[in-house]
Amino acid sequence: MNDLTQVACDPTRSVVVQASAGSGKTWLLTSRIFRLLLAGSPANQILAITFTRKAAQEMRQRLADLLRLCALASDAELSALLSERGAPVNLENLHKARSLAGEVLPDPRGVTIDTFH
């Protein structure tokens with residue numbers, strides 16, 4: 001993980017993500033939302049705004065896929081996923097990451113990912 005990605009995924013920092021198409025913004029923003037959830041932020045207090053409905057839908061899908069992956073991944077896979085996103089790899093984070101799908105996905109008031117429109 002490079003230093004910019006480390007900073008952008010850190011839930012204790014405020015960041016603005018601005019980059020060209022195809023540069024990995026969706027991965028980065030989805031990873032940041034994941035890190036916020038992992039740090040204990042309530043899902044219904046997270047708001048991500050993008051410019052197009054297509055981008056918002058893609059972010060929603062990627063977040064859901066990431067949370068499902070966490071629930072099903074082996075310890076080694078989950079450890080790599082956490083490390084890739086700059087999260088400390090420890091038993092607490094492994095347990096929390098595995099539980100996020102069950103906490104966040106069924107909640108109708110979960111993470112809001114929408115457009116300006």
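The values are calculated or read from the model by the stated rules, or taken from the named source; none is laboratory data. Note that this is a predicted model, so its numbers are computed, not measured. Glycine also receives a Cβ, built like all others from the backbone with ideal geometry; neighbour counts cover every protein chain displayed. The accessibility values were calculated without ligands, DNA or RNA, using every heavy atom of the protein model including side chains. Shrake-Rupley method; radii C 1.70, N 1.55, O 1.52, S 1.80 Å.
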Quiz item: Name the pairs whose Cβ atoms lie under 8 Å apart, with the first residue in the stretch 93-117 and farther than 13 Å from residue 35 by Cα and open to solvent by 70 Å² or more (accessible area, probe 1.4 Å), the second in a helix (DSSP H, G or I) and of a type in the set (S, T, N, Q), and 6 or more positions between them or separate chains?
Solution: 109/44
Quiz item: If you scan the stretch 1-50, which residues turn out to be assigned to a helix (DSSP H, G or I) and touching a residue at least 60 places away in the same chain (Cβ under 8 Å)?
Solution: 5, 6, 9, 33, 34, 37, 38, 43, 44
Quiz prompt | Subset of the stretch 61-102 [at pLDDT below 95, part of a helix (DSSP H, G or I) and not small (Gly, Ala, Ser)] | solution = 84
Quiz item: Out of all the residues in the stretch 51-60, is one or more assigned to a strand (DSSP E or B), among the hydrophobic types (A, V, I, L, M, F, W, C) and surrounded by fewer than 13 Cβ atoms within 10 Å (Cβ to Cβ)?
Solution: no
